[in-house]
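Here the structure is laid out as structure tokens; the discussion comes afterwards.
Read-outs throughout are calculated quantities, based only on the coordinates presented, and are distinct from any laboratory measurement. All values reported here derive from a predicted model rather than from experimental measurement. Neighbour counts are summed over all protein chains in view; Cβ atoms, including those assigned to glycine, are modelled from backbone coordinates with ideal geometry.
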Amino acid sequence: MTAALHVPEGGASSEDELTRLARDVLPGGVLGKFRFAVEDGFIPASAEGAYMTSIAGDRYLDMSCGGGTLVLGHRHPAQMAAVDAQLLKGHHYFSVVTEQAIRLAAMIRNVIPCAELVRFAATGSEATYYALRLARAHTGRDKVLKFEGAYHGNHDIGVISLSPTSDAPFPTPQPNSAGIPRELIDSTLIAPFNDLTQAQEIIERERDGIAAVILEPLQRYIPPVPGFLEGLRETTERHGICLVFDELVTGFRLALGGAQDYYGVVPDLACVGKALGGGFPIAAVTGGREIMALCDPKEGGSSHYVYQSGTLNAQALIAASAISVIETLTTPGAFEHLHALGNRMREGLDEICRRLGIRAKAYGVGPTWFLAFTDHPIVDHRSSRAADAKKLKAFHHQLLKRGVFVIPGNKAYLSLAHSLADIDRALEDAEVALTQMDG
Ligand SMILES: Cc1ncc(COP(=O)(O)O)c(C=O)c1O
């Protein structure tokens, strides 16, 4: 046995040592697809509110917010108090139903329009996976229609046509990972986001085989055009197809009831997570009683029973934390603040780009933002490819140099812990970053 590497605390040498160790023990030196390698940035030591501090002692305004999980910011006092209190009582009871899980499910049912019954999972990927399984069981059909460029998690369908670089004719699926069974690829249909006519044509043609139409109501950073969600709702309903809203990003963020509340279109099933967990691993699939009851274990053994289970689902600790997240989001003015932050950031970026003559536009809804380096309107994945990805990364690297953190190349998130003054400071840094992108 090799002795564990001693990593000295504090100072640049420990960051260097950890960086070397990361390269040695993690594939690519990173934790996943987001290649925010330690040598690109910093190693966080602590965080509070809207700020993170690195082990080298540098302070960063956090606009990644834990990939959208930290809607309250880091270490919100109410959430930490709920976690501390639950830790003293016991944090996990496996599949024993806890008061925390029951109360949390009831809160979700009360705020999400489509929710009658709730099933918990640990990640968003599991939630969308289960939603599609429920849809197949409910309809007795196999095919799934998803929109090009949408992400629904790390499972097979989640990464089909996630980021294709060639323009195959719709509805041809293009896998973005090796190892996906051919049959699954062939049973996935792809449509362009925001193109209701094309989506409806595909649905009409394939209607007897389609179990579900799944979408991100706000696809990555692209808002739905007026009528798109409504049209999908009408068409899927007419053909008995389950409409699934993947609300991992929009849930508990655009409004308490998510995008379905914000846009006023109610799906059959919805998946939530991210913000709900406030940084802890919890997600849920929820929907109407008839569909959701298919995973009632008393159906076990019947041909329509849907298997859904997980060792870590709705741990008492995490459910207690999620309850406090929802309670905090229900305080008056919470969503007004989240939207005001996002509006100020997007409008500020647009104004700076106009003034500097930079061809770019800020996208996003609510407390999210993304600067696309193109003046071509972005309405779907193919039009999003006009945006200059290299410039975006250079912009994010310049922001990082100035102490504003966004995962390079990604959408940014804001939280209740951010103030309008934080946004103004970020805009000042953005203006300098935009003029120094070649440096
Ligand atoms: C829209 C959407 N769906 C699903 C997922 C997968 O969630 P998780 O990473 O919790 O598995 C994500 C994650 O980024 C997402 O943005």
- Item | P(r) tail fraction, the stretch 329-439 - alpha-carbon pairs more than 21 Å apart, % | 33 percent
- Note to self: C-alpha centroids of the stretch 287-321 and the stretch 356-426 sit apart, in Å, by 38 Å
- Message: To check you understand DSSP bridge types, tell me what percent of the beta bridges within the chain (both residues inside) are antiparallel, rounded to 5.
- Response: 55 percent
- Task: Sort GLU336, GLU327, GLU216 so that the residue with the fewest other Cβ atoms within 10 Å of its own Cβ comes first and the one with the most comes last.
- Result: GLU336, GLU327, GLU216
- Would you kindly derive the ³J(HN,Hα) couplings of the stretch 303-310 from the backbone phi angles with the Karplus curve 6.51 cos²θ - 1.76 cosθ + 1.60 (θ = phi - 60°), listing them in order in whole Hz, with x for Gly and Pro? 6, 9, 5, 9, 6, 8, 6, x
- Query: For the stretch 77-329, what proportion of DSSP beta bridges, expressed in % and rounded to the nearest 5, is antiparallel?
  - Reply: 40 percent
- Sum -39500 (n - 2.57) across every DSSP H segment of at least 4 residues in the chain, then divide by the residue count to get the 222 nm mean residue ellipticity, nearest 500. -11500 deg cm²/dmol
- Query: Can you list the residues, at least 5 places off or on another chain, whose amide H is less than 5 Å from the amide H of GLY278, using H built in the peptide plane?
  - Reply: VAL71
- Over all Cα pairs of the chain, the Kirkwood radius sets Rh, and Rg/Rh then becomes 0.96
- Two-decimal Rg/Rh of the stretch 77-329 from alpha-carbon positions, Kirkwood Rh? 0.97
- Net charge dipole size for the chain [Lys, Arg +1 and Asp, Glu -1 on Cβ; Debye, nearest 20]: 160 debye
